[in-house]
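The values are calculated or read from the model by the stated rules, or taken from the named source; none is laboratory data. Note that the coordinates shown come from a computational prediction; the quantities given were computed from them, not determined experimentally. As a convention, Cβ positions derive from the backbone with ideal geometry for all residues, glycine included, and neighbour counts pool all protein chains shown. Accessible surface areas use protein heavy atoms only, side chains included; no ligands, DNA or RNA. Shrake-Rupley method; radii C 1.70, N 1.55, O 1.52, S 1.80 Å.
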Amino acid sequence: MSNEAIGADRFLALVAAAQDRGIGLTSIQAGLLVAAELGIASDSRSFARMLGIAHALVLRDLGALAERGDMLEIVKRDPRTMRVHYRLAVP
């Protein structure tokens, strides 16, 4: 197994664990939280590219997660590229 495959397996296991906590996260929302926690993506476009999913889907779930206000916060928005920078919320 390659290092990339091991990393992907670990990421997916952490996403599944986040969803299993019973707080109603979609797989994209859980992925955003895990990516922020691991420091592998801190903006919507990078996250979308990393997973090969539409940026619009990431923006939708990122917005919903940020509205909750307790897990993730928006740091900066780039109106030209629609890229949204985020970080884990500080308790």
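Let me spell it out: the conditions are (1) touching a His at 6+ places or on another chain (Cβ under 7 Å); (2) surrounded by fewer than 16 Cβ atoms within 10 Å (Cβ to Cβ), and residue 44 meets all of them except one. Which number is the exception?
Looking at each condition in turn, residue 44 falls short on (2).
Starting from segment 45-56, take each residue that is closer than 17 Å to residue 86 by Cα and list its partners that are of a type in the set (Lys, Arg) and open to solvent by 70 Å² or more (accessible area, probe 1.4 Å), counting only C-beta distances under 9 angstrom and pairs at least six apart or across chains.
55/49
Filter segment 26-68 down to the residues that are outside any helix (DSSP H, G or I), under 10 Å from the mean Cα position of the chain (by Cα) and not polar (S, T, N, Q) and list them by number.
Selection gives 40, 41, 43.
Of all residues in segment 69-91, how many are within 17 Å of residue 38 (Cβ to Cβ), open to solvent by less than 60 Å² (accessible area, probe 1.4 Å) and either outside any loop (DSSP other than H, G, I, E, B) or modelled with pLDDT of 95 or more (or both)?
Looking only at that region, the number is 3.
Just to be sure, is residue 47 among the aromatic types (Phe, Trp, Tyr) and either out of contact with any helix residue (DSSP H, G or I) (no Cβ under 6 Å at 6 or more places or on another chain) or modelled with pLDDT under 95 (or both)? Lay out the reasoning, then the answer.
Details: among the aromatic types (Phe, Trp, Tyr): yes; either out of contact with any helix residue (DSSP H, G or I) (no Cβ under 6 Å at 6 or more places or on another chain) or modelled with pLDDT under 95 (or both): no.
Here the answer is no, as residue 47 does not meet what is asked.
Looking only at segment 47-63, count how many residues are over 25 Å from residue 10 (Cβ atoms) and surrounded by 12 or more Cβ atoms within 10 Å (Cβ to Cβ). Break it down stepwise before answering.
Within segment 47-63, the first condition is being over 25 Å from residue 10 (Cβ atoms), and the residues that meet it are 56, 59-60, 63.
If we keep only those that are surrounded by 12 or more Cβ atoms within 10 Å (Cβ to Cβ) too, we end up with 59-60, 63.
Residues flagged as over 25 Å from residue 10 (Cβ atoms) and surrounded by 12 or more Cβ atoms within 10 Å (Cβ to Cβ) within segment 47-63 amount to 3.
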